[in-house]
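Okay, so here's the structure we're looking at.
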Amino acid sequence: MSAITGTKSSKPAADSSSDLAARLLDWYRQNRRSLPWRTTSDPYAVWVAEIMLQQTRVETVIPYYQRWMERFPTLQHLAQADEQQVLKAWEGLGYYSRARSLQRAARLIVEQHQGQIPSRMEALMRLPGIGRYTAAAIASIAFGQDEPALDGNLRRVVTRLFDISLPARSPEGEAQILAHLRAHLPPGQAGDFNQALMDLGATICTPRKPACGQCPLAEWCQARTLGVQEKRPVLIRRPPAPLITVTAAVIRREGRVLLTRRPANGLLGGLWEFPGGKQESGESLPECLRREIREELGVEIEVNAPLGVYRHAYTHFKVKLHAFSCTLLHGEPHPHQADDLAWAALDELNSFPMGKIDRQIAADLLKLDRSLFPTG
């Protein structure tokens, strides 16, 4: 079978292309994963699932998806919901801008499309939070459009099938992958074709130690023939993520702790946190925390006992956060750099949507004896 490689390209023969797609679809009919979003053709359900699945494992997504669909069963329910409810339902999935974009898009669809999700990729990609992959997935799976949906699984499968030696996420490498997908995509069956490749990549053509002996497409796989399947796809190495040291204050007053809400735009926008911020060069941790609270809330604090050290990795950096019990010395806090603040009882903390680190702090506070905190 002729193929596109990293240095030259030619269109596969029609009969071979048809055979490959037929073999793949036959395998999919017998081996498809049972996933809750595959029990419906509702475009809204497909859309929610695809947004949740971005950079998140299927096993993690399933309970979130089920709870989400119970709470926001239609696009109209999502459009009308309070943003804090949306963020709370999303809590733990990360990438919170996706949840906010999902709701903004729902509201735009209600306002501009009479509540009907567009079926064409061009219109879908004009909505907040929908890029080419998500638009293609919705268009193919929900509306039967002949569009290849290029996710990580498809990249891996196709680069191995045709031994593409260009970096898979480079413009040139992606163009070759899409050319292969379009050449093999069976008209009218793009939804199943895309999902079949997703399942193949998730269960057989895995990143490490692919089960080539079980693969329905093994006879087409050029990387397997050459013995380089574990060297595909070719990845662009990223520099190590920088580590940022951060402090946070647990300020208690009359049995409540102080929370601030992050600005809507930016990392963890709209979520609640224990106030604090990034350590600057030459600062001790207590000095950093006193300065941050002065800048954020306009008050002075005494930094008392450390409560814990918390770590989390984001896409482009890592955080090491030091939390301290703190006493409010004088003044009334005001949210100078936050959208809002609240004094919350410990048993109310679960009702506030938070990022992973702040949720860990809240969980630890619930376990600690309240006598450990100064009364302030």
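Structural remarks
- Least to most buried among His322, His77 (fewest other Cβ within 10 Å first): His77, His322
- Separation between Cα centres of the stretch 95-140 and the stretch 30-60, rounded to whole Å: 16 Å
- Spin-label model distance (nm) - Gln76 vs Thr203, 7 Å beyond Cα toward Cβ: 3.7 nm
- Coupling constants for the stretch 114-129 follow from the phi torsions by the Karplus curve (6.51 cos²θ - 1.76 cosθ + 1.60, θ = phi - 60°), and in residue order they are 6, x, 9, 5, x, 9, 9, 4, 4, 6, 4, 6, 7, 8, x, x Hz; glycine and proline get x.
- Projected-area average for the chain over all orientations - Cα convex hull basis, square nanometres: 21.4 nm²
- Hydrodynamic analysis of the stretch 243-372 uses the Kirkwood radius over alpha carbon pairs. Inserted into Stokes-Einstein at 10 °C and 1.306 mPa s, it gives a translational diffusion coefficient of 108 µm²/s.
- Rounded to the nearest whole Hz, the Karplus-based 3J(HN,Hα) values (6.51 cos²θ - 1.76 cosθ + 1.60, θ = phi - 60°) of the stretch 52-69 follow the sequence 5, 6, 5, 6, 9, 5, 4, 4, 6, 6, 3, x, 5, 4, 5, 5, 4, 5, with x at glycine and proline.
- Simple label model, 7 Å out from Cα along Cβ direction - Arg256 to Leu35, nm: 4.4 nm
- Computed helical MRE - 222 nm, the chain, DSSP H runs ≥ 4 contributing -39500 (n - 2.57), nearest 500: -13000 deg cm²/dmol
- Unit charges on C-beta of K, R, D, E only; dipole of the chain, Debye: 1100 debye
- Calculated on the alpha-carbon coordinates, the convex hull of the stretch 15-231 measures out at 119 cubic angstrom per residue.
- Normalised contact order of the chain, rounded percent, pairs of Cα under 8 Å and 6 or more residues apart: 15 percent
- Among the listed pairs Lys88/Lys367; Lys88/Lys278; Lys320/Lys356; Lys278/Lys318; Lys209/Lys320; Lys320/Lys367, those beyond 23 Å (Cα-Cα): Lys88/Lys278; Lys209/Lys320
- Inter-part distance, the stretch 273-346 to the stretch 234-249, computed on C-alpha centroids, equals 21 Å.
- Rough spin-label spacing in nm, given labels placed 7 Å along Cα→Cβ, for Lys367 and Gln85: 3.3 nm
- Under-5 Å amide H pairs with Leu307, H placed in peptide plane, nonlocal only: Ala323, Phe324, Ser325
- Cβ-to-Cβ counts within 10 Å put Trp68, Trp37 in ascending order as Trp37, Trp68, the fewest first.
- Sequentially through the stretch 167-179, phi angles give Karplus couplings (6.51, -1.76, 1.60; θ = phi - 60°) of x, 5, 9, 7, x, 5, x, 5, 4, 5, 4, 5, 4 Hz, Gly and Pro residues having no value and appearing as x.
- Farthest towards the positive end of the charge dipole of the stretch 77-212, among the residues Leu200, Ala136, Leu185, is the Cα of Leu200, using unit charges on the Cβ of Lys, Arg, Asp and Glu.
- Here the extension length gained between Val110 and Leu226 equals 36.5 nm, from 0.36 nm per residue of separation less the Cα-Cα distance.
- Cα-centre dipole for the stretch 243-372 with unit charges at Cβ (Lys and Arg positive, Asp and Glu negative), debye to 20: 440 debye
- Leu285, Leu150, Leu78 arranged by Cβ crowding within 10 Å, fewest neighbours leading: Leu285, Leu150, Leu78
Bear in mind that the values in this text are calculations on the coordinates, not laboratory data. All of these numbers come straight from a predicted model, not from anything done at the bench. Here Cβ is always computed from backbone atoms with ideal geometry, including for glycine, and neighbour counts include all displayed protein chains.
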